[in-house]
1. Determine the order of Arg55, Arg43, Arg2, Arg17 by accessible area, beginning with the largest, at a probe radius of 1.4 Å.
2. What is the gain in length, in nm to one decimal, between Arg46 and Asn63 on full extension, counting 0.36 nm per residue of separation less the C-alpha to C-alpha distance?
3. Once both labels are modelled 7 Å past Cα along the beta-carbon direction, what's the Arg2-Phe36 spacing in nm?
4. In the chain, what percent of the accessible surface is made up of carbon and sulfur (1.4 Å probe, ligands and nucleic acids excluded)?
5. Leaving out ligands and nucleic acids, note down the accessible area per residue over the chain with a 1.4 angstrom probe, in whole Å².
Amino acid sequence: MRFTYDGNAFRADTGSRQDGRGIYLCRNEECIEMSFKRKAWNRIARSGVDTEEIRRAVTEALNN
């Protein structure tokens, strides 16, 4: 799965066409949980981010 970060929010990028920094994540649930445990999303954003917002974006991407 590809996500983009535009400085304000992470979004699922299903078509690989959105602007912003691209972040790739496998669909394996273990990989997803590890990304939160290691605070990878905060490192990518270079600031504190709302993990619940990111979890919603990830869940939505998995369901589509």
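1. Values: Arg55 75, Arg43 150, Arg2 40, Arg17 205 Å².
The ordering from most to least exposed comes out as Arg17, Arg43, Arg55, Arg2.
2. 3.4 nm
3. 2.5
4. On the way: 1950 of 4560 Å².
That fraction is 43 percent.
5. Details: 4560 Å² over 64 residues.
Per-residue accessible area for the chain comes out at 71 Å².
The values are calculated or read from the model by the stated rules, or taken from the named source; none is laboratory data. The model shown is predicted, which means the values in this text are computed figures rather than measured ones. So basically every Cβ, Gly included, is an ideal-geometry build from the backbone, and we count neighbours across all protein chains shown. What goes into the accessible areas is simple: the full protein's heavy atoms, side chains included, and nothing from ligands, DNA or RNA. Shrake-Rupley method; radii C 1.70, N 1.55, O 1.52, S 1.80 Å.
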